[in-house]
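Computed from the coordinates by the stated procedures, all read-outs in this text should not be read as laboratory data. What you see is a predicted model, and the numbers here were worked out from it, not measured in a lab. Here the Cβ positions follow ideal geometry from the backbone for every residue, glycine too, while neighbour counts run over all protein chains shown.
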């Protein structure tokens, strides 16, 4: 059945464009037809297909890898959208009805119902964004937990890592915050989401001698268990000095 056309909201269009400019793969559209098989907590078809894809692609990686891989893929787009909007725009979108089409095991953009995003001060935008993320992530976690063995603390920590990763992206591209301010904002986001302490930052010297921040992760994604995998540059299983060496090599 075809969905009747609704005039796009100008504020929402601006927020979606801003997010895509910062993260090219974060392609959001307003309205449109239903998307069978897309990721949505009220329909587990898409989640089960996502889990099946990664279980068949890397069976050797194990259950922890599978659960965290699918959890991260299911939540990263709404998290990045919300953090970018809260800090770089005057409005934050509502996430009710957000669906994410999937192709070859990856969410490919997202679709939101046409609506007027909420306007407010930065604290109000953060409050609103966190309320939306809780309302999105909690049922998504419950639905995914019926498909894979998702450990609660690990899920919290991966979600925290994703939030702080989005904050670092904003910091690197569009802010003049000090390291202290970034850390304070990170703590404020995680506290609002009820996942305080799930991730943090550590400082190091970049190749040009300037100070830089990196994620101090507290959960391993188990990517190294894949036949083509290795430990990430900020893997918590690595000593801090090894992580810094890898960060400098990556840069």
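For residue 188 and residue 60, compute 0.36 nm times the residue count separating them, minus their Cα-Cα distance, and round to one decimal in nm.
In short, 42.3 nm is gained.
Once you have a ≥ b ≥ c as the square roots of the Cα gyration tensor eigenvalues for the range 10-198, tell me rounded if a/c is under 1.5, and otherwise prolate or oblate according to whether a/b is larger than b/c.
Here the range 10-198 falls in the oblate category.
What's the center-to-center distance, using Cα atoms, between the range 74-132 and the range 23-61 in Å?
17
First measure r as the distance between the Cβ atoms of residue 42 and residue 114, then evaluate 1/(1 + (r/R0)^6) with R0 = 30 Å and state the FRET efficiency to the nearest 0.05.
For residue 42 and residue 114, the calculated efficiency is 0.95.
Calculate the spin-label point distance for residue 29 paired with residue 206, positioning each point 7 Å from the Cα along the beta-carbon direction, and give it in nanometres.
In this crude spin-label approximation the distance works out to 3.6 nm.
Along Cα→Cβ, 7 Å out, is where each label goes; now give me the distance between the ones at residue 96 and residue 135 in nm to one decimal.
With each label placed 7 Å out from Cα toward Cβ, I get 0.5 nm.
Could you check the simple spin-label distance between residue 224 and residue 251, using points 7 Å along Cα→Cβ, in nm with one decimal?
2.3
For residue 121 and residue 173, what does the FRET efficiency come to when R0 = 25 Å and r is the distance between their Cβ atoms, rounded to the nearest 0.05?
Values: r = 22 Å, r/R0 = 0.88.
Working from the Cβ atoms, E equals 0.70.
If you take the beta carbon distance between residue 104 and residue 242 as r and set R0 to 35 Å, what does 1/(1 + (r/R0)^6) give as a FRET efficiency, to the nearest 0.05?
Values: r = 32 Å, r/R0 = 0.92.
Result of the calculation: an efficiency of 0.60.
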